[in-house]
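Trainee: Please find one structure pasted underneath; my questions will follow.
Where a number appears in this text, it was derived from the coordinates with a stated rule and is not lab data. This is a predicted model, so every value here is computed, not measured. Please note: Cβ atoms are built from the backbone with ideal geometry, for glycine as well, and neighbour counts cover all protein chains shown.
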Amino acid sequence: MKLLKLPLFGLLAPKSPMEKLVEHYDKIAGCVKIIKESLECYVSGGGACREFQDLWEEIDSIENHADKIKRNIRNHLPRSMFMAVDKTLFLNYTKAQDNILDSGQDALQWLGMRQVVISEEFQKDLIFLIDEVSTATELLGPALKATIALVHGESLDREGTKEYYRNIRAQRHKTQKTARKITIKIYNSELDFKDIYQLIHFVQCLDNMAHNCENCADILRAMIAR
């Protein structure tokens, strides 16, 4: 006789740790939005954007709050037998989700370490890349919420949930192609070596943000496969 495995949260615990992942995601999404605004301001402002500097403190404040949420989630996990998903997958997901913000902060750091005037030749391409990365992050929210609903038995739309993952992967691949084209364009430009080095690392950090979104989607997919 096959035993039916039912989700235990909602019956044995007041709140699932997975639901707290949404709270953590909301903080990261808020930070990414600020990072997007500051990067666009910097790129279009020729490297002398007051807003780019002013938003640093706000980003740090939100990032610290997100870290507190992550620590609280990890420090109050129930026993594995009461987890709705594999505990290792859960911990890996919190790390991958946090890495999105870390990569965004790295991108800001690369632009902020020295002033670089971004010529019109690259402004449109870089802003387009920033928009693509932001879209990848936005797609993660619905994927996370759909996964939580599925593993808690609140939804039976397994195929619809997997479609969210596919959308994130597709967006990541678009971002990767865009990042490669921009990297080649920057490398073959007549810019100063320091500017080339700085901008290429900036592009890599943006690409890493989308890559971490894809990692999150892959972990979520593994959660519903068990």
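Trainee: I need to check one value: relative contact order of segment 101-226, counting alpha carbon pairs closer than 8 Å and at least 6 residues apart, in percent.
Mentor: Relative contact order comes out at 44 percent.
Trainee: Continuing with the same structure: Mind checking the full-extension length gain between Lys185 and Asp54? Use 0.36 nm per residue of separation minus the Cα-Cα distance, one decimal, nm.
Mentor: Gain on extension, Lys185 to Asp54, equals 44.1 nm.
Trainee: Are any of the pairs Lys36/Lys70; Lys33/Lys87; Lys124/Lys185; Lys70/Lys95; Lys27/Lys95; Lys20/Lys87 more than 19 Å apart by Cα-Cα distance, and if so, which?
Mentor: Lys36/Lys70; Lys33/Lys87
Trainee: While we're here: Using a Cα-Cα cut-off of under 18 Å, which aspartates and glutamates could be cross-linked to Lys181, ignoring same-chain neighbours fewer than 8 residues away?
Mentor: Glu120, Glu121, Asp125, Asp131, Glu132, Glu190, Asp195, Asp207
Trainee: Okay, next question. Report, ordered by chain and residue number, the aspartates and glutamates lying within cross-link reach of Lys68, taken as a straight Cα distance under 12 Å and ignoring same-chain residues fewer than 8 apart.
Mentor: Partners found: Glu23, Asp98.
Trainee: Using a 10 Å cut-off on Cβ atoms, rank the peptides 202-208, 187-193 from the highest mean neighbour count down.
Mentor: Ranking the peptides 202-208, 187-193 by packing returns 202-208, 187-193.
Trainee: While we're looking at this one, here's another question. Going by average Cβ density within 10 Å per residue, which order do the peptides 120-127, 156-163, 93-100 take, highest to lowest?
Mentor: Highest-to-lowest ranking by the protection proxy: 93-100, 120-127, 156-163.
Trainee: Also, quick follow-up: If each of Asp102 and Lys20 carries a label point 7 Å out from its Cα toward its Cβ, how far apart are those two points in nm?
Mentor: 2.0
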